[in-house]
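To keep things clear, I will list the structure first and then write my remarks on it.
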């Protein structure tokens, strides 16, 4: 097959793909309706996902082994394991430039964002007195707290713990009454 034939074939495939896509038909099997907003039907999407999962499982391991070997090679050669161009400095595995970049990224990542006092925690509006939220976000926070309270009381584990302590408390009160009766006699 010549280059020109390959180009024509690719162009026809692109046109066919675009036609199936525009008509909402699966571009893989060309039989079923595509599942919106995707270009494939549910069966083909499942098959594709399974194929991708299998590919990733085999190739991810190979890729990580390759990256590990590449890093070790650079470390032995004494060059930066990130850029691979500059020599590593000061007994480290990074060059000075990459070390500075990495430190700056980490500082940005872990540096807490400090908002001015009286400003909402989530936006720049004025916070309600005594709270860290503006009226809108305060209402949302109250709804979240109420939802968490109701969900907590519905939890089977919480009900189990509560039942345990109810029984424990009842037994304790019964014992105290018996002790008082025994002391009175």
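Derivation of every value follows stated rules applied to the coordinates shown; laboratory data play no part. What you see is a predicted model; the values in this text were computed from it and never measured. Cβ atoms come from the backbone with ideal geometry, glycine included; neighbour counts cover every protein chain shown.
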Quick one: among 162, 75, 28, which has the greatest mean-square fluctuation in a GNM of the chain with alpha-carbon springs under 10 angstrom?
-> 162
Relative contact order, percent, of the range 22-66 when contacts are C-alpha pairs under 8 Å separated by at least 6 residues?
-> 23 percent
At a Förster distance of 30 Å, what's the computed FRET efficiency of residue 49 paired with residue 125, Cβ-Cβ distance as r, to 0.05?
-> 0.10
Calculated Rg and Dmax of the chain using C-alpha coordinates, Å = 32.7, 112
Angle between the chain longest axis and helix 135-154 axis [Cα atoms, degrees, rounded to 10] | 70 degrees
Plugging the Cβ-Cβ distance of residue 77 and residue 111 into 1/(1 + (r/R0)^6) at R0 = 30 Å yields, to the nearest 0.05, a FRET efficiency of 0.30
With springs only between Cα atoms under 10 Å apart, run a GNM on the chain and tell me which of 30, 61, 101 wobbles the most.
-> 30
Relative contact order for the range 67-111, counting Cα pairs under 8 Å that sit 6 or more residues apart, in percent = 23 percent
Among 38, 164, 20, the residue with the largest mean-square fluctuation in a Gaussian network model of the chain built from Cα contacts under 10 Å is 164
Whether the range 88-162 is rounded, prolate or oblate, judged on the alpha carbon gyration tensor where a/c under 1.5 counts as rounded = oblate
Over the range 29-155, what is the relative contact order in whole percent, taking alpha-carbon pairs under 8 Å and six or more residues apart?
-> 8 percent
